[in-house]
Amino acid sequence: MASIGFIGLGLMGQPMAANLVKAGYRVAGFDLAAANLKNAGDKGVTTGASAADVVRAADVVVTMLPAGKDTLAVWGGGIMEAAKPGTLFIDSSTIDVGSARAAHELADKSGMLSLDAPVSGGVGGAEAGTLTFMCGGTAAAFEKAKPVLEAMGKRIVHCGDAGAGQSAKICNNMILGISMIGVCEAFALAEKLGLSHQALFDVASTSSGQCWSLTSYCPVPGPVPAAPSNRDYKPGFSSALMLKDLKLAQEAAAASGASTPLGAAAAQLYGMHNAWGEGGADFSAIIHLLRGKGVKS
Ligand code: NAD
């Protein structure tokens, strides 16, 4: 089986690397944070002394890092020189489309294969091995990546050329942020009108207001027991990460000339929600802000 180098063993990277180990891959990992590296070691990952160290024997390298600047620093920081020719580099971080394309260029210039493959599904999906991977890159890179990604996820989608995976991710999350705000506004209005949460849910979930933010992730407790609203809005997917993705969508809209007024409004509202002190809560907790009462429940 292929040898994997895994760089970035945080909340997402650690369970992803652990699933590769479970699937039988030899995984060498590196992280700047000693505690994360040690925890990964406890899960069967061989720990390396540097990023270059863990790519030397690898057939496939996965990076799972905070932002575009980190991916470019790691991909441009000596690992192309340390890897075998033809190694496949997969970046599963959520980053801006421009940096994703620049990372592909770094790999291309060094004779490597590359894929941008951001994920949806969060920490729960990473642990369960049920992530969705949205992939951008050549057909050859995608085919080589597929079995590796299948050990960490259940839907692997080839979205197009370099940057297409990141593009799909930010477009999807822009829909999600906007739709969550719409659903929260409807519940806030229903409360003012004396309409029960359950009554609105029963009607809207089977009518034209139906959407994932309502039927799978209802922002008020009760109608959907598995939703974070039933566990005091513990994420799930945090408001801070939603803000990050909405900002990436706005950056891409500005760079490409797309008109996204509701995406811009959603970015502003999630900015307020974070500044209000709920960045660490699930993104559905934005209902607290939208109720406009200055209270958090
Ligand atoms: P995290 O902060 O927990 O993990 C990032 C890890 O990268 C940290 O352990 C950090 O020490 C390490 N790191 C940073 N720079 C490094 C470097 N130069 N060399 C080696 N290691 C380095 O973040 P996370 O929640 O695991 O998220 C990772 C990526 O996945 C982000 O881009 C995020 O937007 C995306 N994402 C996260 C979630 C989620 O629910 N947490 C969901 C979908 C996508």
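Odds and ends about this structure:
- Residues satisfying the stated conditions in the range 84-98, i.e. away from the ligand (no atom under 11 Å from the Cβ) and either within 19 Å of GLU251 (Cα to Cα) or free of Cβ contacts under 8 Å to residues at least 40 places away in the same chain (or both): LYS84, PRO85, GLY86, THR87, PHE89, VAL97, GLY98
- Among (1) more than 22 Å from LEU214 (Cα to Cα); (2) exposed (fewer than 15 other Cβ atoms within 10 Å of the Cβ) - the single one THR260 does not satisfy: (2)
- Residue list for the range 115-164, filter: under 14 Å from the mean Cα position of the chain (by Cα), in a loop (DSSP other than H, G, I, E, B), within 15 Å of ASP91 (Cα to Cα) and among the small types (Gly, Ala, Ser): ALA117
- Residue check for PRO221: assigned to a loop (DSSP other than H, G, I, E, B) and buried (at least 18 other Cβ atoms within 10 Å of the Cβ): no
- Residue that is surrounded by the fewest Cβ atoms within 10 Å (Cβ to Cβ) [pool: residues in the range 103-116 that are within 17 Å of VAL55 (Cβ to Cβ) and within 16 Å of the ligand (Cβ to nearest atom)]: LEU106
- Among the criteria (1) hydrophobic (A, V, I, L, M, F, W, C); (2) over 17 Å from LEU176 (Cβ atoms); (3) within 16 Å of the ligand (Cβ to nearest atom), the one LEU195 does not fulfil is (3).
- Residues located in the range 42-52, provided they are within 16 Å of GLN14 (Cβ to Cβ) and either more than 11 Å from the ligand (Cβ to nearest atom) or modelled with pLDDT under 95 (or both): ASP42, LYS43, GLY44, VAL45, THR46, THR47
- Looking only at residues in the range 147-173 that are among the charged types (D, E, K, R) and surrounded by fewer than 17 Cβ atoms within 10 Å (Cβ to Cβ), the one that is farthest from ALA264 (Cα to Cα) is GLU150.
- Every residue from the range 128-146 that is surrounded by fewer than 17 Cβ atoms within 10 Å (Cβ to Cβ), charged (D, E, K, R) and in contact (Cβ under 8 Å) with a residue 24 or more places away in the chain: none
- Tally, over the range 220-240, of residues that are under 20 Å from the mean Cα position of the chain (by Cα) and in contact (Cβ under 8 Å) with a residue 60 or more places away in the chain: 3
- Residue check, LYS247 within 20 Å of GLY125 (Cβ to Cβ) and surrounded by fewer than 20 Cβ atoms within 10 Å (Cβ to Cβ): no
- Scan of the range 120-149 for residues that are within 15 Å of GLY13 (Cα to Cα) and touching a strand residue (DSSP E or B) at 6+ places or on another chain (Cβ under 8 Å), ordered by number: SER120, GLY121, GLY125, ALA126, GLY129, THR130, LEU131, THR132, PHE133, VAL148, LEU149
- Test: residue in the range 261-280 that is without any contact (Cβ under 8 Å) to a residue 40 or more places away in the chain, part of a loop (DSSP other than H, G, I, E, B) and of a type outside the set (Asp, Glu): no
- Options MET80, MET1: the member that is at pLDDT below 95, surrounded by fewer than 24 Cβ atoms within 10 Å (Cβ to Cβ) and not small (Gly, Ala, Ser): MET1
- Filtered by the rule that a residue be part of a helix (DSSP H, G or I) and within 11 Å of the ligand (Cβ to nearest atom), the range 53-75 gives VAL54, GLY68, LYS69, ASP70, THR71, LEU72, ALA73, VAL74, TRP75.
- Search result, residues across the range 1-41 that are more than 9 Å from the ligand (Cβ to nearest atom), of a type in the set (Phe, Trp, Tyr) and closer than 17 Å to ASP91 by Cβ: PHE6
- Of the candidates SER284, SER207, SER259, SER213, the single residue that is among the polar types (S, T, N, Q), within 16 Å of the ligand (Cβ to nearest atom) and modelled with pLDDT of 95 or more is SER284.
The values are calculated or read from the model by the stated rules, or taken from the named source; none is laboratory data. Note that the coordinates shown come from a computational prediction; the quantities given were computed from them, not determined experimentally. Every residue, glycine as well, gets a Cβ built from its backbone with ideal geometry; the counts of neighbours run over all protein chains shown.
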